[in-house]
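In what follows, a structure is listed as structure tokens, so that the remarks can point back to it.
The values are calculated or read from the model by the stated rules, or taken from the named source; none is laboratory data. Computed from a predicted model, the values in this text were never measured in an experiment. FYI the Cβ positions are ideal-geometry reconstructions off the backbone, even for glycines, and counts take in every protein chain you see.
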């Protein structure tokens with residue numbers, strides 16, 4: 001019998017891509033809230049309130065920017081690195 005005829009067939013390589021969902025850090029999933037509201041009686045009260053709201057919005061924007069950066073890093077993360 002010829003040895004070439006009796007050999008086992010070559011094994012096929014099958015590649016399977018597995019996608020694993022990953023959630024962002026919980027700190028980034030918090031809703032931005034204005035915890036205190038107060039009566040505005042003067043223009044100075046209004047100005048102070050606006051400045052406080054702007055600071056809260058800036059903080060939320062910073063969290064969103066970090067979340068976007070994180071998502072971009074995760075999109076370049078390869079399954080081979082797991």
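Cβ-Cβ under 8 Å, sequence separation 6+ or interchain: first residue in segment 18-33 and free of Cβ contacts under 8 Å to residues at least 60 places away in the same chain, partner assigned to a loop (DSSP other than H, G, I, E, B). Which pairs?
Between residues of segment 18-33 that are free of Cβ contacts under 8 Å to residues at least 60 places away in the same chain and residues that are assigned to a loop (DSSP other than H, G, I, E, B), the close pairs are 29/23.
Residue-by-condition table, conditions (1) loosely packed, with under 10 Cβ neighbours inside 10 Å; (2) modelled with pLDDT of 85 or more:
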{"position": "5", "(1), (2)": "yes, no"}
{"position": "19", "(1), (2)": "yes, no"}
{"position": "24", "(1), (2)": "no, no"}
{"position": "34", "(1), (2)": "no, no"}
{"position": "41", "(1), (2)": "yes, yes"}
{"position": "47", "(1), (2)": "no, yes"}
{"position": "57", "(1), (2)": "no, yes"}
{"position": "62", "(1), (2)": "no, no"}
